[in-house]
Amino acid sequence: MDFLAGIATAHISQDHKDVSKRIKIEPGRTFAGFGFSLALSNLRKRLLHGEQVQLKAVGFSDFPTLGPQVVTVTISHGGLDRMKMSGRSVKGDRFIIHSEIPFIANFFVNVPDTKVWLTNPAPAGFLRWEGPIVLPNDPLIRVDLLSGTKSGPAESAGG
Amino acid sequence: MLATRKLVTVFSILAAGMIVAPVYALKVTELAAASHGYPGLCDINGKKLADGEFRQWVENNRLHVVITYKFSAGEVYEEHSQFRQEPRADPGKMVLERIETWKVAARVRCGFSGWNRHRTHQPRS
């Protein structure tokens, strides 16, 4: 994705074709991938106070046609969790990135929420990410700050 | 079927246009600096799929982020991003602005179903 030119490109190897599309980027509020972790670090205080913030996300979807799309996402604080990674038990604030899919489109595509955990207490840094790989119906994956052979699910820490 | 999809698209766009509330550019409250780590990528059940390396540094007033994942079968997935986190029109306000992202250095072919894609777009220098 070239955010300056406003062009998103993907190559679908199984179909042997490139998918490129001009997308509308709103500077300073359109993010993708790791950009959301950085954005969350800067929104953390507002979100912890119960505020919900809307940003734009660039993602790929196979509806209505396969290609990049910009969607509005609502970001909120989901709670304080504890989780095991790399043999340690760590604590983090869970933030939920919810795609605002139009009502009618909901009949055709199901976009699971993406979850990002930032370290608690502050300073807030990346702790964990969970979401679909690329397309909304792709398998969910998890990225942990600490790499280990086994990663445990996040459970409420009652915070 | 095609007509139905077109109708759905039109109504979806209309609906989206009505619910989007105005939001201003994100202000930077936490400046990011150099960082280096080794994250892990796993499936949703916690089974490890790839070892990662995370590198972040500031160069030419831009925050560079490179995340690399090496899967057990040898595949490599790499995400390159650059961000601008500098004052804009108002010197008192910092704006986090993503300026480009995604460059994959090697073909990605992951060991689970549903993912057989790679991106080859080269960002502009």
**Asked** Label-point separation (nm) for A:Ile104 and A:Leu140, each offset 7 Å from Cα along Cα-to-Cβ?
**Response** 3.0 nm
**Asked** So what's the angle, to the nearest 10 degrees on a 0 to 90 scale, between helix A:35-48 and the longest Cα principal axis of chain A?
**Response** 50 degrees
**Fill in**
So, with points 7 Å from each Cα along the Cβ direction, the A:Thr149-A:Gln52 label distance in nm works out to 4.3 nm
**Prompt:** So what's the net charge close to A:Arg128: Lys and Arg +1, Asp and Glu -1, counting the other residues with Cβ under 10 Å from its Cβ?
**Reply:** 0
**Request:** Could you work out, residue by residue across B:43-56, how many beta carbons of other chains sit within 10 Å of that residue's beta carbon, and then give the average as an integer?
**Result:** 4
**Asked** If r is the Cβ-Cβ distance from A:Ala5 to A:Leu66 and R0 is 25 Å, what FRET efficiency results, to the nearest 0.05?
**Response** 0.75
**Prompt:** In a GNM of chain A with a 10 Å cut-off on Cα contacts, which of A:Phe108, A:Phe31, A:Phe126 has the highest mean-square fluctuation?
**Reply:** A:Phe108
**Fill in**
If R0 = 22 Å, then B:Tyr38 and B:Val58, at their Cβ-Cβ distance, give a FRET efficiency to the nearest 0.05 of 0.60
**Item:** Taking all pairs of distinct alpha-carbon atoms in the range A:28-156, Kirkwood radius in angstrom
**Value:** 15.3 Å
**Item:** B:Thr29 versus A:Ser86: modelled label distance in nm, points set 7 Å from Cα along the beta carbon direction
**Value:** 2.7 nm
**Asked** What average number of partner chain Cβ atoms lie no more than 10 Å from the Cβ of the residues making up B:58-69?
**Response** 1
**Prompt:** How crowded by other chains is A:23-34, given as the mean number of beta carbons from other chains within 10 Å of each beta carbon?
**Reply:** 6
**Message:** Between A:Phe60, A:Phe107, A:Phe36, where does the largest GNM mean-square fluctuation fall for chain A, given springs only between Cα atoms within less than 10 Å?
**Reply:** A:Phe107
**Item:** Within a Gaussian network of chain A (alpha carbon springs, distance under 10 Å), most fluctuating of A:His49, A:His98, A:His77
**Value:** A:His49
**Request:** Rank the residues A:Arg128, A:Arg22 as a footprinting-exposure proxy: fewest other Cβ atoms within 10 Å of their Cβ go first.
**Result:** A:Arg22, A:Arg128
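FYI, it's all coordinate maths here, none of it is from the lab. None of these values were measured; they are calculated from a predicted model. Positions of Cβ are generated from backbone atoms using ideal geometry, with glycine treated the same way; all protein chains shown enter the neighbour counts.
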